[in-house]
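S.K.: Here it is, the structure in full.
The values are calculated or read from the model by the stated rules, or taken from the named source; none is laboratory data. The structure presented is a predicted model; accordingly, all values stated were derived computationally and were not measured. Neighbour counts are summed over all protein chains in view; Cβ atoms, including those assigned to glycine, are modelled from backbone coordinates with ideal geometry.
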Amino acid sequence: MRHNKKFNHLGRTKAHRDALLSNMACSLIKSKRIFTTTAKAKALRIYVEPLINCSKEDTTNSRRLVFSHLQDKYVVTELFQNVAQKVANRPGGYTRIIKTGYRLGDNAQMCFIELVDYNDNMLKETAEAKSTKTRRSSRKKSAANATVVEEVKQAEAPAAE
């Protein structure tokens, strides 16, 4: 029975899996988006979100905790200076997984994993979508279109007689 065995082992030993997730987390923090398989991305999300949450509080202890996982001081400073400032008001959900299809060689499902606050294109789309959705403006447009259609019909009616 598999009781309490939720974690995906990714076909690796614990040391290999820890090194893989640490390197992937460093790459994600450096480049803000990486391309990988869906299984690895889901495992990485579980690994990196507590680290980002810990980086919100800039103390010596939290820096040491994050450094014990990442082992790269440049990535730790990037996380605490830049990333933590952007996610300060977000209560959770710091990463987004976007599925892209299947890999040609072995048909593995591929995806992007990215930091949510760093995708400027999606942020612009959501802001535009929120600003354009109002019921009042759609009624005015439909009423204006209806009067234009009626005027066109009235203009065509005498010409047809």
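S.K.: Among residues belonging to region 69-96 that are assigned to a loop (DSSP other than H, G, I, E, B) and within 21 Å of LEU20 (Cβ to Cβ), point out the one that is nearest to the chain's Cα centre (by Cα). Reasoning before the result, please.
M.R.: Step one: of region 69-96, the residues assigned to a loop (DSSP other than H, G, I, E, B) are 71-72, 87-94.
Okay, now just the ones that are also within 21 Å of LEU20 (Cβ to Cβ), so 71-72, 94.
Values: GLN71: 24, ASP72: 23, TYR94: 7 Å.
By that ranking, first place goes to TYR94.
S.K.: So, one more: Need the failing condition index for VAL76 against (1) in contact (Cβ under 8 Å) with a residue 12 or more places away in the chain; (2) under 13 Å from LEU115 (Cα atoms), just the number.
M.R.: For VAL76, the failing item is (2).
S.K.: Can you pull out every residue in region 73-110 that is within 16 Å of LYS42 (Cβ to Cβ), among the charged types (D, E, K, R) and touching a helix residue (DSSP H, G or I) at 6+ places or on another chain (Cβ under 6 Å)?
M.R.: Once the filter is applied, which keeps residues that are within 16 Å of LYS42 (Cβ to Cβ), among the charged types (D, E, K, R) and touching a helix residue (DSSP H, G or I) at 6+ places or on another chain (Cβ under 6 Å), region 73-110 yields only ARG96.
S.K.: What's the total number of residues in region 57-72 that are in contact with a Phe, Trp or Tyr (Cβ under 7 Å, 6 or more places away or on another chain) and at pLDDT below 95?
M.R.: Going through region 57-72, the residues in contact with a Phe, Trp or Tyr (Cβ under 7 Å, 6 or more places away or on another chain) turn out to be 58, 63.
Of the ones still in play, those that are also at pLDDT below 95 are 58.
Total satisfying the criteria: 1.
S.K.: Would you be able to tell me the number of residues in region 24-57 that are over 15 Å from LEU79 (Cβ atoms) and part of a helix (DSSP H, G or I)?
M.R.: Going through region 24-57 one residue at a time, the tally reaches 8.
S.K.: Sticking with this one: In region 101-117, what residues are on the phi > 0 side of the Ramachandran plot and either under 21 Å from the mean Cα position of the chain (by Cα) or of a type in the set (Val, Ile, Thr) (or both)?
M.R.: As a first pass, look at region 101-117 and keep what is on the phi > 0 side of the Ramachandran plot: 101, 107.
GLY101 - this is the single residue of region 101-117 that is on the phi > 0 side of the Ramachandran plot and either under 21 Å from the mean Cα position of the chain (by Cα) or of a type in the set (Val, Ile, Thr) (or both).
S.K.: Examine region 14-31 for a residue that is within 27 Å of MET122 (Cα to Cα), under 14 Å from the mean Cα position of the chain (by Cα) and either acidic (Asp, Glu) or buried (at least 16 other Cβ atoms within 10 Å of the Cβ) (or both), and state whether such a residue exists.
M.R.: There is at least one residue in region 14-31 that is within 27 Å of MET122 (Cα to Cα), under 14 Å from the mean Cα position of the chain (by Cα) and either acidic (Asp, Glu) or buried (at least 16 other Cβ atoms within 10 Å of the Cβ) (or both).
S.K.: Moving to a separate point now. What about GLY101, is it exposed (fewer than 10 other Cβ atoms within 10 Å of the Cβ), at pLDDT 65 or above and under 30 Å from CYS26 (Cα atoms)? Lay out the reasoning, then the answer.
M.R.: Values: exposed (fewer than 10 other Cβ atoms within 10 Å of the Cβ): yes; at pLDDT 65 or above: yes; under 30 Å from CYS26 (Cα atoms): yes.
Criteria met by GLY101.
S.K.: Further question: In region 36-47, is there at least one residue being farther than 17 Å from LEU10 by Cβ and surrounded by fewer than 20 Cβ atoms within 10 Å (Cβ to Cβ)? Walk me through how you get there before you give the answer.
M.R.: Of region 36-47, the ones farther than 17 Å from LEU10 by Cβ are none.
There is no residue in region 36-47 that is farther than 17 Å from LEU10 by Cβ and surrounded by fewer than 20 Cβ atoms within 10 Å (Cβ to Cβ).
S.K.: In addition: Show the residue pairs meeting these rules: Cβ distance below 6 Å; 6+ apart or different chains; first residue within region 103-118 and part of a loop (DSSP other than H, G, I, E, B); second residue acidic (Asp, Glu) and surrounded by 15 or more Cβ atoms within 10 Å (Cβ to Cβ).
M.R.: Close Cβ pairs satisfying both conditions: none exist.
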